Structure formats: C-alpha cells, structure tokens
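Chemist: I have a structure here, written as structure tokens, and I will follow up with some questions on it.
The values are calculated or read from the model by the stated rules, or taken from the named source; none is laboratory data. Computed from a predicted structure; not experimentally measured. Methodologically, a virtual Cβ is constructed for each residue, glycine included, from the backbone with ideal geometry; neighbour enumeration extends over all protein chains shown.
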Amino acid sequence: MRRKLKAANNRHTLPLLTGILLLFPEVLQAQGISSFELMQSEAAAEIMAGQGEEGKPVKCGFPALIAVASEQRAAIPGMQRVRPPLINPQTYLSPGGDFMLHYTLDGLDAVSAEDLNDNSIPDYIETAAAALDSIRAGYRQRGWRDPVDDGDGYYDIYFEDLENFPWGELFGYAFPVEPSTMTPPYTSASYIGLENDYPESVYGHSPLASLRVTIAHEYHHAIQLAYNLPLIESEIDHYIWFAELSATYHEDIFYDGINDYYNYLDAFLGAPHLSLTETRGNHMYGAALWAIFLDEVFGPDSNRSLWTLMADDALRPLEAHRSFLADHGNSLLKSYRHMTIWQLHTGDRASGYYFPEGSGYPSVKIDTLSFDSVDITLPALACRYYAVTPTTLTGGTALMLHPSQGSEWGAGIAGELPGGYVSGLATSVLDTSAAAHGTSVELYDWTDYTTVFEWAFTGDNVDTDYGLSVEQSARIETAHSERLTMQAFENEVLELHQNYPNPFRPEEHNETYFAFYLSEPAPVDLEIRSLSGRRLWSYHLEAQDRGGHLYMGDFGIGWDGRDSSGRYVPSGVYLMIARTRGVTKAGKLSVIR
C-alpha cells in the first residue's frame with residue numbers, strides 16, 4: 001500500500017517542491033525532506049530559539065516542524081515518505097497491533113541489543129511498545145480521538161540518535177506528514193521520532209522514565225493533528241503554545257511521578273511578565289500549569305473540550321478559550337486573574353489548595369517595590385509581582401492602577417504570614433469600558449504580615465483574528481494609609497473577624513467560633529493551621545447568605561481545639577483561615593491549655 005501511494009504522489013512532486021528546494025538545495029535528489037532537514041530551516045530555528053541553552057534537553061521538535069509546515073502550507077506530496085534513514089532497519093509490531101516500531105542495532109541510531117527474555121526483540125523496544133499500547137488505551141479512555149491513519153493500519157514510531165539536533169539534545173518529535181483534509185480545520189497523519197537510548201546523564205531520568213514521558217508527550221501531538229493543524233503563518237504561535245502546554249500536561253496525567261515538566265517551570269514562573277502565550281525558549285512547556293489550572297477549576301475534560309472546539313468549530317486556540325470560558329460563565333481576563341493567585345501559591349508559599357504539586361515548583365518571580373510609583377509595560381495575559389515590606393505605621397496599604405490606554409487590566413494584593421502562608425487576598429479587574437477610572441485593591445491591618453505582595457496583570461488584549469499581542473502600559477502607585485482598618489466593606493466579598501472566644505481555652509469554652517462577613521451569597525471554607533502552615537482542621541460550608549455570620553456549624557459545633565486526628569493542639573498561636581471565590585482571609589487566635 002505504501003509503495004503505491006508513493007508512486008502516485010511522485011507525479012506531482014517536482015513542480016510543488018520548486019520553491020522548497022531553494023531553502024533546501026541539499027535535497028534536490030531526495031524528492032522529499034526529512035524531519036532532520038526540516039528542523040534546520042530558518043523558520044524552525046526561529047521558533048526554537050532559546051531552547052537547549054539552559055542546560056536542559058529540548059523537550060520537543062514538534063514546534064519546529066509545525067512552523068515549517070505552516071510556512072510551506074504543508075502542500076508537499078511525498079514529504080511523508082521520507083522517513084528516518086536507519087541502517088539495516090528492523091520492525092516490531094506492538095502487542096496491541098496499533099504501532100509499528102522501526103529501529104536498528106547498527107550505527108549511531110542503534111538501540112541497546114539487551115534481550116533478557118531471549119525472544120530476539122530488544123527489551124528497550126518491547127518496553128516502548130508496551131508503553132505505547134498503554135498510552136493509547138489511556139487517551140481513548142479519556143475520550144480523545146485516535147491519530148489520523150496514514151493508510152497502513154498502524155502508527156509508525158522511529159528510534160534515532162536525537163542527541164545531535166541543531167539546538168541540542170532532543171527528547172522526541174511528532175512529524176505531520178501531509179494534510180489529510182483540504183478545508184479548515186486541517187488534519188494530518190504523522191509519525192513519531194524517539195531517542196534511541198536516553199542516557200540519564202543527558203536527560204536527567206532513567207532511560208525508561210524518559211522514554212515513557214516522551215511517548216505520552218509526542219503521542220498527544222499525534223492526537224492533536226486529528227483535531228487541528230494550522231496552515232496560516234499568523235496562527236502558528238498560539239497553536240504551538242497550546243499544543244506544547246497540552247502535551248506537557250499529559251506527561252503528568254499518565255506518568256505523575258516522573259515530573260520532567262518541573263525542569264521547565266523556571267522559564268515560566270521565573271518570567272510571569274512574559275505573555276502566557278509566549279513561545280520562545282522553554283516558557284511554553286512551563287505553561288502546562290495553565291492546563292493544570294483549567295482542569296482543576298473547570299473539570300478534568302477542559303483540555304479536551306478546547307481541542308474539540310478547535311476541531312468542530314474550526315476555532316483558533318484563544319477563540320476556543322473564549323468560547324469555553326463563556327460557557328462556564330467566565331472570561332479569559334477573570335480566569336487569568338485567578339491564575340495569578342495560583343502562581344503566587346508556588347514553592348514555599350504553596351498550600352493544600354491551588355496547584356496540587358505547587359510545593360515542588362519554584363516560587364514565582366517577585367520584584368521589590370518601595371512606596372514610589374513605578375511604570376510597567378506588559379503584554380497580553382502577563383503579570384508582574386512586587387514585594388513590599390510593611391512599616392511600623394498602623395493601618396494598611398492600597399495599590400492603585402492607572403492604565404495609559406483603554407484595555408483590560410487588573411490588580412491584586414495579599415499579605416504573607418509567618419510560615420509563608422498567603423492571606424488577605426484581594427483582586428480587582430478593569431475592562432476597557434472602565435479604563436479611564438482605574439482600579440485599586442486594599443489590604444487592611446498590614447502590620448499583621450511579614451511581607452505584602454502586590455501585582456498587576458493584563459487581560460486578553462490580543463487581536464481576535466490573528467492573535468497578535470499588544471503592548472500595554474500602566475502606572476502603579478502604592479501608599480500606606482492609616483485610614484484602612486479591619487472592617488466589613490460592601491465591596492469586599494469576604495471579611496474575617498476575630499474568633500470568639502479568644503484566647504480559646506478548650507477545657508473551659510468547649511468550642512471557639514469563626515466570625516465573618518459576606519457581601520454576596522457564597523460557599524465558605526474554614527481552616528485552622530499552625531504558624532508553619534500545617535493544616536490542623538477544616539470545614540466546608542455550602543452557600544451562605546449575604547451578611548454577618550458567627551459560625552457554629554450545622555449543630556452548634558465550632559472548633560473544639562483538636563486536630564484532624566482528634567488530639568488537642570498544644571497552647572500557642574494558630575492561624576484561622578476563611579476562603580471563598582478566590583479570596584482568602586486569615587487571622588490569628590490563641591489557644592491556652
């Protein structure tokens with residue numbers, strides 16, 4: 001079947017390749033282009049700039065191949081027939097019958113010949129085949145489509161020496177071979193290239209761990225090509241961004257313990273001032289946190305729902321986001337506001353909420369800020385955090401944001417308690433219709449905190465047709481104010497007041513009660529934590545009415561001074577915490593025994 005297709009395609013190859021061969025004169029005799037040659041093109045080099053320069057392997061060659069395919073409109077009959085040229089190639093069909101693995105035992109591309117079960121198939125190849133079958137079953141179980149069939153009834157996997165690619169060591173790639181549809185959304189068959197041995201000294205994990213996590217990543221790209229393939233250059237950046245964060249996210253879905261994506265989080269959390277949709281360097285791999293955030297907030301099918309919108313409605317990635325979030329009563333601006341709170345809760349400030357693995361992440365980058373005003377410039381969907389040390393003045397602090405042009409902006413403020421716990425969270429958003437008025441957030445009784453965090457963020461300020469980022473400017477003004485005291489304001493969703501009684505003597509009082517105020521009906525989560533941040537007790541309240549509440553539980557039961565194991569906590573100072581709708585407030589209480 002493959003031989004017949006190639007012969008038919010070659011009748012049209014020469015005229016369509018004329019322009020391409022100006023870029024690749026070395027393939028004049030090849031009547032096609034290999035993945036290695038494509039990834040050395042100018043378009044590929046531009047999209048992969050900065051990868052491999054941080055001492056980390058390049059996670060994926062897919063962005064380079066998509067960039068070239070887009071530049072050339074991918075109209076290259078025969079291109080899919082130029083497969084990796086292995087010396088003395090051998091094949092192995094996976095036990096599930098869905099994957100044909102192509103490998104060699106000779107030359108630079110050779111895999112290890114180790115064969116402990118003595119069945120003439122290298123153990124490395126058998127392990128890869130088992131992982132491929134398992135991953136395919138896992139994606140199917142989660143409702144994903146299968147990759148586009150190239151006509152031979154199985155999916156091709158090639159094992160090569162990927163340690164000598166133009167930008168450094170490469171984990172793997174998925175190669176879109178040729179559009180299989182002629183109208184948007186385009187789809188494409190593909191094949192996958194994997195490293196032949198994954199030395200731990202280069203890739204940072206055991207060879208089999210690197211192999212498995214790369215299979216999960218690259219097979220997701222193969223699936224993506226069954227949903228949508230961009231063939232217009234102006235669409236490529238946002239597609240690559242979303243394709244890579246989606247594939248990286250699914251590494252963690254199927255192989256949670258490997259955590260290779262941790263290695264790329266510095267590029268993301270260390271540069272929050274870059275757009276969420278940035279594709280340079282390793283930023284887009286760290287943007288897997290966006291997919292984790294969406295699935296945690298909107299449900300485990302969020303990522304697949306976005307790809308389905310890109311396929312069924314031929315939407316571009318950001319258009320799909322707008323549609324999906326609107327269906328959930330949200331917007332990109334408000335969701336990104338929420339994301340900036342999650343990013344703050346990383347590293348030492350991670351808690352049991354927000355990112356499930358946030359304590360293993362690096363902390364988001366936070367700049368220092370005095371009380372002087374500062375001008376900032378941010379692209380769309382970006383933020384900048386500042387840390388301010390409270391003075392001894394009584395009162396609080398307010399952050400005021402004055403955009404210099406009509407666009408979407410927002411501001412946030414929070415305090416850090418001993419142990420790295422973040423409290424007093426407040427955020428405000430500003431759409432284009434209110435740009436002239438500015439926006440502000442305030443933190444009360446700021447002397448309760450060791451550090452005050454303030455940040456500004458931008459919304460979806462991108463062109464809806466081409467997804468081009470627009471530079472925005474704003475002025476931040478920070479000033480202390482003695483007029484700010486702890487009290488309930490109508491514009492505050494949640495205010496937490498002192499517990500009663502305080503100090504709390506368990507043997508005398510039996511229970512102590514939370515007191516809080518809601519400006520609108522909302523559910524509330526209550527907690528008691530140690531000053532180091534360890535959760536001792538928690539309780540979830542379903543939607544509570546607007547107004548003041550002295551919480552006594554469903555049957556008049558407050559906190560009785562015991563931890564989750566039923567033991568009384570020792571005398572000391574503890575944190576009492578209340579949360580609702582992205583707002584967290586905390587205070588201190590004393591226990592005396």
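Chemist: Sort out which residues of region 331-352 are part of a loop (DSSP other than H, G, I, E, B) and surrounded by fewer than 17 Cβ atoms within 10 Å (Cβ to Cβ), and write them in order of number. Walk me through how you get there before you give the answer.
Modeler: In the first step, residues of region 331-352 are kept if they are part of a loop (DSSP other than H, G, I, E, B); the result is 331, 345-346, 350-352.
352, the sole residue that qualifies.
Chemist: For residues that are part of a helix (DSSP H, G or I) and out of contact with any helix residue (DSSP H, G or I) (no Cβ under 8 Å at 6 or more places or on another chain), tally how many sit in region 267-297.
Modeler: Going through region 267-297, the residues part of a helix (DSSP H, G or I) turn out to be 267-269, 283-286, 288-297.
Pick out the ones that are also out of contact with any helix residue (DSSP H, G or I) (no Cβ under 8 Å at 6 or more places or on another chain) and you get 296.
Looking only at that region, the number is 1.
Chemist: Output the residue which, of all residues in region 195-222 that are in a helix (DSSP H, G or I) and over 23 Å from the mean Cα position of the chain (by Cα), is farthest from residue 303 (Cα to Cα). I'd like the intermediate steps shown before the answer.
Modeler: As a first pass, look at region 195-222 and keep what is in a helix (DSSP H, G or I): 200-203, 207-222.
Checking which are over 23 Å from the mean Cα position of the chain (by Cα) leaves us with 200-202, 207-208.
Working: 200: 31, 201: 33, 202: 31, 207: 29, 208: 27 Å.
For region 195-222, the residue satisfying everything is 201.
Chemist: Still on this structure, please answer the following. With respect to residue 192, determine if the residue is at negative phi, in a helix (DSSP H, G or I) and either among the hydrophobic types (A, V, I, L, M, F, W, C) or surrounded by 24 or more Cβ atoms within 10 Å (Cβ to Cβ) (or both).
Modeler: Numbers: at negative phi: yes; in a helix (DSSP H, G or I): no; either among the hydrophobic types (A, V, I, L, M, F, W, C) or surrounded by 24 or more Cβ atoms within 10 Å (Cβ to Cβ) (or both): yes.
In short, no.
Chemist: Scan region 121-180 for residues that are in contact with a Ser or Thr (Cβ under 7 Å, 6 or more places away or on another chain) and among the hydroxyl-bearing types (Ser, Thr, Tyr) and report the count.
Modeler: Here is the first cut: in region 121-180, the residues in contact with a Ser or Thr (Cβ under 7 Å, 6 or more places away or on another chain) are 122, 124, 129, 132-133, 147-148, 171-180.
With the extra rule that they be among the hydroxyl-bearing types (Ser, Thr, Tyr), the set shrinks to 124, 173, 180.
Count: 3.
Chemist: Still on this structure: Can you name the residue in region 322-352 that is in contact with an Asp or Glu (Cβ under 8 Å, 6 or more places away or on another chain) and of a type outside the set (S, T, N, Q) and, of all such residues, is farthest from residue 421 (Cα to Cα)?
Modeler: As a first pass, look at region 322-352 and keep what is in contact with an Asp or Glu (Cβ under 8 Å, 6 or more places away or on another chain): 322-323, 331-333, 336, 349.
Right, trim to of a type outside the set (S, T, N, Q) and you get 322, 332-333, 336, 349.
Numbers: 322: 33, 332: 27, 333: 26, 336: 22, 349: 6 Å.
The residue in question is 322.
Residue-wise test of (1) farther than 30 Å from residue 205 by Cβ; (2) touching a Lys or Arg at 6+ places or on another chain (Cβ under 6 Å); (3) touching a residue at least 60 places away in the same chain (Cβ under 8 Å).
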| residue | (1), (2), (3) |
| --- | --- |
| 276 | no, no, yes |
| 286 | no, no, no |
| 301 | no, no, yes |
| 315 | yes, no, no |
| 325 | yes, no, no |
| 336 | yes, no, yes |
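Chemist: Still on this model: Give region 111-133 a look and list any residue that's buried (at least 21 other Cβ atoms within 10 Å of the Cβ) and either touching a helix residue (DSSP H, G or I) at 6+ places or on another chain (Cβ under 7 Å) or modelled with pLDDT under 95 (or both), or say none.
Modeler: The answer is 111, 128, 131, 132.
Chemist: Can you pull out the residues in region 186-229 that are among the charged types (D, E, K, R) and touching a residue at least 40 places away in the same chain (Cβ under 8 Å)? Walk me through it before giving the result.
Modeler: So in region 186-229, the residues among the charged types (D, E, K, R) come out as 195, 197, 200, 212, 218.
Listed by number, the residues that qualify are 197, 212, 218.
Chemist: If you scan region 550-577, which residues turn out to be at pLDDT below 70 and part of a strand (DSSP E or B)?
Modeler: The initial filter retains those residues of region 550-577 that are at pLDDT below 70, namely 550-557.
Answer for region 550-577, where residues must be at pLDDT below 70 and part of a strand (DSSP E or B): just 550.
Chemist: Moving on. Does residue 269 satisfy the criteria of being out of contact with any Asp or Glu (no Cβ under 9 Å at 6 or more places or on another chain), in contact (Cβ under 8 Å) with a residue 12 or more places away in the chain and farther than 21 Å from residue 216 by Cα?
Modeler: Working: out of contact with any Asp or Glu (no Cβ under 9 Å at 6 or more places or on another chain): yes; in contact (Cβ under 8 Å) with a residue 12 or more places away in the chain: yes; farther than 21 Å from residue 216 by Cα: yes.
Taking the combined requirement at face value, the residue satisfies it.
Chemist: Just for region 558-588: of the residues that are in contact with a Phe, Trp or Tyr (Cβ under 9 Å, 6 or more places away or on another chain) and of a type in the set (A, V, I, L, M, F, W, C), which one is surrounded by the fewest Cβ atoms within 10 Å (Cβ to Cβ)?
Modeler: 569
Chemist: Could you tell me whether region 223-236 includes any residue that is assigned to a helix (DSSP H, G or I), buried (at least 19 other Cβ atoms within 10 Å of the Cβ), under 11 Å from the mean Cα position of the chain (by Cα) and outside the structural domain of residue 455 (by TED's automatic domain parsing)?
Modeler: no
Chemist: Taking region 134-153 only, how many residues are assigned to a loop (DSSP other than H, G, I, E, B) and either free of Cβ contacts under 8 Å to residues at least 24 places away in the same chain or crowded, with 16+ Cβ neighbours inside 10 Å (or both)?
Modeler: So in region 134-153, the residues assigned to a loop (DSSP other than H, G, I, E, B) come out as 142-147, 149-153.
Of the ones still in play, those that are also either free of Cβ contacts under 8 Å to residues at least 24 places away in the same chain or crowded, with 16+ Cβ neighbours inside 10 Å (or both) are 144-145, 147, 150, 153.
Final tally of qualifying residues: 5.
Chemist: Scan region 290-309 for residues that are among the hydrophobic types (A, V, I, L, M, F, W, C) and at pLDDT 95 or above and jot them down.
Modeler: Filtering region 290-309 down to residues among the hydrophobic types (A, V, I, L, M, F, W, C) leaves 290-294, 297-298, 306-307, 309.
Of everything in region 290-309, those that are among the hydrophobic types (A, V, I, L, M, F, W, C) and at pLDDT 95 or above turn out to be 290, 291, 292, 293, 294, 306, 307, 309.
Chemist: Being modelled with pLDDT of 75 or more and among the aliphatic types (A, V, I, L, M) is the filter; apply it to region 400-429 and report the residue that is farthest from residue 336 (Cα to Cα).
Modeler: The selected residue is 417.
Chemist: How many of the residues in region 538-549 are modelled with pLDDT under 80, among the small types (Gly, Ala, Ser) and touching a strand residue (DSSP E or B) at 6+ places or on another chain (Cβ under 6 Å)? Don't jump to the end; show me each part of the working.
Modeler: Our first condition is that a residue be modelled with pLDDT under 80; within region 538-549, this holds for 543-549.
Applying the additional criterion that residues be among the small types (Gly, Ala, Ser) yields 543, 547-548.
Now restrict to residues that are touching a strand residue (DSSP E or B) at 6+ places or on another chain (Cβ under 6 Å): 543, 548.
Residues in region 538-549 being modelled with pLDDT under 80, among the small types (Gly, Ala, Ser) and touching a strand residue (DSSP E or B) at 6+ places or on another chain (Cβ under 6 Å): 2 in total.
Chemist: Ok, one more. Determine which single condition residue 308 fails, assuming it passes every other condition in (1) buried (at least 22 other Cβ atoms within 10 Å of the Cβ); (2) touching a residue at least 24 places away in the same chain (Cβ under 8 Å); (3) over 21 Å from residue 408 (Cβ atoms).
Modeler: Here residue 308 meets the rest and fails (1).
Chemist: Condition first: at pLDDT 75 or above and either among the charged types (D, E, K, R) or not assigned by TED's automatic domain parsing to the domain that holds residue 576 (or both). Can you find one or more residues in region 461-474 that meet it?
Modeler: So in region 461-474, the residues at pLDDT 75 or above come out as none.
Looking through region 461-474, none of the residues is at pLDDT 75 or above and either among the charged types (D, E, K, R) or not assigned by TED's automatic domain parsing to the domain that holds residue 576 (or both).
Chemist: How about region 298-318: which of its residues are in a helix (DSSP H, G or I) and more than 23 Å from residue 231 (Cα to Cα)? Please lay out each step first, then the result.
Modeler: Narrowing region 298-318 to residues in a helix (DSSP H, G or I): 298, 302-312, 317-318.
Correct list: 298, 302.
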